[in-house]
Amino acid sequence: MTFVSNAALLDAVVLAVVSQQAEGSYGYRITQQIKEVLDVSESSLYPVLRRLQKDQCLTVHDETANGRNRRYYRITELGLVRLQGYQDEWKAYTQKIDTLFWGEMP
């Protein structure tokens, strides 16, 4: 698990967004929340959702809303463990960068 690749960062961001909704969230909503802070296309996020589902970090179920099918994603226990790893790694990474930018941190 390392933030060297954009794929790992997207995995971490998707897991973080999905984890914020106990009942889960649907694909379009997830992509809109991420697009508020990152310049990323919807077409690059849906493969991330599928990969995280395949890796058993997310579960999926479909619901009908206003006559349209919505695919809802919910984080699993494995997904929570992976998210915690990403969060720990991000904290260590940003502390190192902060040290480079501003010198030793207290």
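The values are calculated or read from the model by the stated rules, or taken from the named source; none is laboratory data. Quick caveat: nothing in here was measured; it's all calculated off a predicted structure. Neighbour counts are summed over all protein chains in view; Cβ atoms, including those assigned to glycine, are modelled from backbone coordinates with ideal geometry. Note: areas computed on protein heavy atoms with side chains; ligands, DNA, RNA excluded. Shrake-Rupley method; radii C 1.70, N 1.55, O 1.52, S 1.80 Å.
See the values below:
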| quantity | calculated |
| --- | --- |
| The lone exception for Val17 - which of (1) touching a strand residue (DSSP E or B) at 6+ places or on another chain (Cβ under 8 Å); (2) hydrophobic (A, V, I, L, M, F, W, C); (3) over 20 Å from Lys91 (Cβ atoms) it fails | (3) |
| Answer residue from the stretch 2-33, given it is part of a helix (DSSP H, G or I), of a type in the set (Val, Ile, Thr) and touching a residue at least 24 places away in the same chain (Cβ under 8 Å) and is farthest from Tyr72 (Cα to Cα) among those | Val13 |
| Selection from the stretch 54-95 of residues that are on the phi > 0 side of the Ramachandran plot and open to solvent by less than 90 Å² (accessible area, probe 1.4 Å) | Gly67 |
| Any hit, the stretch 67-81, residues being assigned to a helix (DSSP H, G or I), at pLDDT 95 or above, of a type in the set (Asp, Glu) and within 12 Å of the chain's Cα centre (by Cα) | no |
| Among (1) of a type outside the set (Lys, Arg); (2) in contact with an Asp or Glu (Cβ under 9 Å, 6 or more places away or on another chain); (3) open to solvent by less than 50 Å² (accessible area, probe 1.4 Å) - the single one Tyr28 does not satisfy | (3) |
| Test: residue in the stretch 38-53 that is part of a strand (DSSP E or B), open to solvent by 90 Å² or more (accessible area, probe 1.4 Å) and either of a type in the set (Ser, Thr, Tyr) or on the phi < 0 side of the Ramachandran plot (or both) | no |
